[in-house]
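The values are calculated or read from the model by the stated rules, or taken from the named source; none is laboratory data. Everything numeric in this text was worked out from a predicted model, so none of it was measured. Please note: Cβ atoms are built from the backbone with ideal geometry, for glycine as well, and neighbour counts cover all protein chains shown. Just so you know, the surface numbers come from the protein's heavy atoms only, side chains and all, with ligands and any DNA or RNA stripped out. Shrake-Rupley method; radii C 1.70, N 1.55, O 1.52, S 1.80 Å.
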Amino acid sequence: MGKKIATVLTNMFEDVEYTDPAKAFKDAGHEVVTIEKEKGAKVTGKNNEETVTVDYGIDDVNPSDFDALFIPGGFSPDQLRADDRFVKFAKHFMDEKKPVFAICHGPQLLITAKTLEGRKATGFKSIQVDMEYAGATVVDEEVAVCQNQLVTSRQPDDIPAFNRESLNLLK
């Protein structure tokens, strides 16, 4: 049975880091739900390749209604982590040991949620030291899987491995 995946994103997300995993999740029979500040908002990727119409506003959703969390990279996670509602939303998934998929700058939201301590993870090179300060054991690998829950990757080149391991956790 397909899982319901909450996807948090706003303007300046890394286009391919949203589109490729979202397509892989949908092709495997999962439902991908987009969440931003406002339902119906149109958010555009930083390369202007993709515009996404948001399914739900953050105030209209309950994290308990989702099986997994997906955080695409780009500048989107840095913007989202300034909003306590998104931080609390992400923290729920980590605290409840639900699958979390964060690529590139995606772990920035998890840093602010203070949920990386003691976790093996990776992220874009420029945030790896921030991840270390947050208590993560940072690896420079295409994909890191921690405690059969958290999947992280560094950059768009890592998407095939990111998709593979994320889909494995959804089985």
What distance in nm separates the two pseudo spin-label positions at Gln149 and Val129, each 7 Å out from Cα along the beta-carbon direction?
2.9
Could you tell me which residue out of Gln155, Val32, Phe124 lies farthest along the dipole of the chain toward its positive end? Charges go on the beta carbon: Lys and Arg +1, Asp and Glu -1, centred on the Cα centre.
Val32
What's the tally of Lys pairs in region 1-66 whose alpha-carbon atoms lie under 20 angstrom apart, where the two lysines are 8 or more places apart or on different chains?
9
Dipole of region 23-171, Cα-centred, from +1 at each Lys and Arg C-beta and -1 at each Asp and Glu C-beta, to the nearest 20 debye?
140
Cα-projected label distance for Asn168 with Glu38, points at 7 Å along beta-carbon direction, nm:
4.2
I want to verify a result. In a Gaussian network model of the chain, Cα cutoff 10 Å, which of these has the top mean-square fluctuation: Asp78, Asp95, Asp59?
Asp95
Distance histogram for region 41-91 (every C-alpha pair counted, 5 angstrom bins, percent rounded to whole numbers)
4, 15, 26, 30, 17, 6, 1
More than 15 angstrom separation, counting every C-alpha pair in region 64-145; what % is that?
50
What are the principal axis extents of the Cα atoms in the chain, in Å, biggest first?
38, 34, 32
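Leaving ligands, DNA and RNA out of it, report the carbon-plus-sulfur percent of the accessible area of the chain at a 1.4 Å probe. Could the numbers behind the result be given before it?
Numbers: 3400 of 7760 Å².
After summing per-atom areas, the C and S share lands at 44 percent.
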Within straight-line cross-link reach of Lys98, aspartates and glutamates at Cα separation under 17 Å, skipping those fewer than 8 residues along the same chain
Glu31, Asp65, Asp67, Glu117, Glu165
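Based solely on its DSSP helices, what 222 nm [θ] is calculated for the chain when runs of n ≥ 4 H residues each add -39,500 (n - 2.57) and the sum is averaged over all residues, nearest 500 deg cm²/dmol?
Working: 6 runs with 54 residues, N = 171.
Counting only the DSSP helices, I get -9000 deg cm²/dmol.
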Could I have the simple spin-label model distance between Asp67 and Asp140, label points 7 Å from Cα toward Cβ, reported in nm to one decimal?
3.7
What are the DSSP H helices in the chain that stretch 24 Å or more along their long axis, judged by alpha-carbon atoms, and whose average Kyte-Doolittle hydropathy comes to at least -1.0?
none
Just the number please: accessible area per residue for the chain, 1.4 Å probe, all protein chains included, in Å².
45
